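Read through the structure below, which is laid out as structure tokens, and then see the notes.
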Amino acid sequence: MRSKGLVVLAGVLAAVLVAGLTAGWALGNGRGGDAGEVAAGYFAAWSEGDLEEMREFVADPPPDFAAQHRALSRGLMINSIALEPRPVVRSGQGAAQAGFTVTRSVAGHGSWSFTSRLRLGRVDGRWRVLWSPGTLYPGLKGAGRWTLRQVRVPAVTLVARDGGALPEDGPLAPYLAGITDRLGREDEQTGWAIELRDDGGAPQRVKLFGVEKGEKIRTTLDRRVQAAAEKAAAASTSGRAAVIAVRPSSGEVLAVADGLGGLGAFLGLYPPGSTFKVVVAGALIADGAGPGTGVDCPASVVTAQRTIHNDEDHALGRTTLRDAFAASCNTTFARLAVERLGAAKLAASARRFGFGTRIAPGVDAAQGNFPDPRGGAELAEAGIGQGRVQASPLLMASAAAAVADGSWRAPRLLAPKLIREGGGATPEPRRVPAASALGTLMRAVVTGGTAAGAGLPAGTAGKTGTAEFGGGRSHAWFIGYRDDLAFSVFVEAGGSGPKVAAPLAARFLKAVR
């Protein structure tokens with residue numbers, strides 16, 4: 001028993017001695033020194049590929065610490081690694097960081113370099129490396145899966161207005177493909193790509209080999225506005241929705257969230273319903289009317305042998321143009337189209353708002369239709385955006401932009417020079433008479449009219465539309481502007497413009513803010 005106890009005691013003493021020696025060696029190698037010594041020790045171990053030694057410098061290393069490093073090296077067939085550390089910089093009480101550049105040689109393909117940073121902090125009184133997956137690769141949040149595969153890369157890359165990347169899939173995909181086709185730059189190159197799946201997520205391309213730098217072409221798209229538009233369109237539960245945003249001062253298309261399929265928001269033609277009252281009101285103002293001009297708004301009216309009803313047969317009686325517009329009185333606008341304006345004045349206003357004009361935004365787009373009315377009944381229907389009047393969501397966004405700016409400008413996704421290269425042309429701007437008076441009417445829609453309950457932010461001006469089509473169904477519309485941002489919201493077979501489209505517009509504008 002005594003000899004066995006001595007053996008146990010000797011073993012304990014040996015363990016203590018080994019631990020003491022290890023602790024002393026660790027202190028000498030920077031594990032317990034200052035932040036600079038710890039960083040130097042970590043980088044030295046990393047340069048040697050000693051993962052176990054690296055682990056000793058880390059506070060609470062994850063169980064798969066070594067596995068994550070090996071996954072990158074093996075997945076990409078790394079031949080060698082070179083590190084260029086920079087001095088440690090204190091970033092707070094008990095916190096520091098050291099920037100570094102890491103260069104890996106990828107077998108048969110070349111070098112891959114990027115910069116990152118090593119975070120350090122005091123843990124239990126000692127400086128330690130505060131490791132996360134982002135230490136291995138910037139932005140990495142979980143266990144990365146790394147692969148090297150052959151890819152085909154277009155010779156041209158379309159980017160946002162700020163030069164940032166645009167999503168390659170989703171509602172923008174048909175538009176980006178259409179732009180590339182129009183420009184005639186669809187050639188592709190073959191190369192190799194490093195791809196990363198972050199904790200099982202979608203693959204991200206982080207490096208290309210064997211591909212010449214492709215031409216980057218800036219579009220007019222704004223990534224922040226695009227994200228807000230997509231979020232709003234996806235919130236529709238009533239049908240397929242589109243949200244288009246345009247900059248009034250230039251005609252630049254800032255966002256295309258198209259849930260209609262393909263290029264539906266540019267090529268699809270629909271009756272604009274009461275949103276066309278912006279065009280009718282524009283004709284009335286050009287003819288001498290104003291927001292305070294007296295008009296009648298009965299529940300129904302017979303004009304040119306056509307009976308027109310207001311929604312739910314509401315009536316205002318004798319009122320003003322402003323209030324009739326805000327309440328979307330069909331009876332008012334149908335009668336004025338027939339009895340005051342006539343076909344020629346209404347057609348002239350439609351042309352000022354882009355109807356009948358070939359537009360070339362950078363992809364295929366339909367031109368809005370305002371056919372010559374074949375009689376008084378058709379003219380009455382045209383006065384409320386029905387009958388043979390047709391428009392795309394893109395065109396109606398440009399109509400709202402025309403009120404905001406005072407001139408209609410052809411919407412475009414590219415610089416005018418590039419549109420000309422693609423075989424298109426940008427029409428000259430067209431002045432909209434007394435646009436400020438139209439803005440007064442559109443603000444009244446939001447403050448006290450059909451869109452008053454939609455939750456639109458202050459400063460928004462707009463017009464609702466509920467456009468009837470076959471089978472007693474209706475499309476939902478809302479067009480408008482706020483500051484230098486104009487938009488149209490369209491929900492195919494969505495029903496009520498005030499109840500469906502206007503709340504989506506509110507969601508969009510709040511997301512943009």
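FYI, it's all coordinate maths here, none of it is from the lab. Bear in mind that the values here come from a model prediction, so they are computed numbers and not experimental data. Note that we place each Cβ from the backbone using ideal geometry, even for glycine, and neighbour counts take in every protein chain shown.
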Once every Cα of region 391-439 carries one equal point scatterer and solvent is ignored, give the base-10 log of I(q)/I(0) from the Debye formula at q = 0.13, 0.26, 0.33 Å⁻¹, two decimals.
-0.34, -0.96, -1.15
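Taking 2.2 N^0.38 Å as the expected size of a compact globular protein, what ratio does the Cα radius of gyration of region 387-513 give against it, to two decimals?
The value comes to 1.11.
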How charged is the neighbourhood of LYS499? Take every other residue with its Cβ under 14 Å from the Cβ of LYS499, and add Lys/Arg as +1 and Asp/Glu as -1.
-1
Summed residue charge, Cβ within 15 Å of ARG374's Cβ, Lys/Arg positive, Asp/Glu negative
-1
For region 447-490, restrict the atom set to alpha-carbon positions and state the Rg and Dmax in Å.
12.1, 38
Kirkwood hydrodynamic radius of region 223-512, from inverse mean 1/r over distinct Cα pairs, in Å:
18.3
Summing +1 per Lys or Arg and -1 per Asp or Glu among the other residues with Cβ less than 15 Å from GLY459's Cβ gives +2
Report the extension gain between ASP313 and THR101 in nm, rounded to one decimal, defined as 0.36 nm multiplied by the number of residues separating them, less their alpha carbon distance.
69.1 nm
Lys pairs under 17 Å by Cα in the chain, provided they are eight or more residues apart or on distinct chains
6
Separation of the ARG374 and GLN150 label points, Cα + 7 Å toward Cβ, nm:
6.0
Contour minus Cα-Cα distance for VAL123 and ARG161 (0.36 nm per residue)
9.2 nm
When the helix-only estimate is applied to the chain (DSSP H runs of n ≥ 4, each -39,500 (n - 2.57), divided by the residue count), what is the mean residue ellipticity at 222 nm, nearest 500 deg cm²/dmol?
-10000 deg cm²/dmol
Please work out the Kirkwood hydrodynamic radius for region 285-427, using every pair of different C-alpha atoms, and report it in angstroms with one decimal place.
16.5
Give me the Kirkwood hydrodynamic radius of region 37-190, using the inverse of the mean 1/r over all pairs of distinct Cα atoms, in Å to one decimal.
18.3
Put a dot 7 Å past each Cα toward the Cβ at ARG197 and ASP169; how far apart are the dots in nm?
1.3
Compactness index (Cα Rg / 2.2 N^0.38 Å), region 99-188
1.61
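If you take every DSSP beta bridge whose two residues both sit in region 149-218, what share of them, in percent to the nearest 5, is antiparallel?
So the antiparallel bridges in region 149-218 amount to around 75 percent.
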Can you give me the pair-distance distribution of region 136-264, C-alpha pairs, 5 Å bins, whole percents?
2, 9, 15, 18, 18, 16, 13, 7, 2, 0
Can you pull the one-decimal nm distance between simple spin-label points at ILE81 and GLU52, each 7 Å off the Cα toward Cβ?
1.7
As computed over region 271-312, the Cα convex hull volume per residue (Å³)
112
Let me check I have the definition right: for the chain, take the eigenvalues of the Cα gyration tensor, multiply each by 5, take square roots. What are those semi-axes in whole Å, largest first?
66, 25, 18
Taking a label point 7 Å from the Cα of ALA227 along the Cα→Cβ vector, which residues of region 241-266 have an amide N closer than 12 Å to it?
none
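Can you tell me the equivalent ellipsoid semi-axes for region 54-123? Use √(5λ) from the Cα gyration tensor, largest first, whole Å.
Those come to 26, 17, 7 Å.
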Give me the three principal axis extents of region 149-218 from the C-alpha atoms, as integers in angstrom, largest value leading.
36, 27, 21
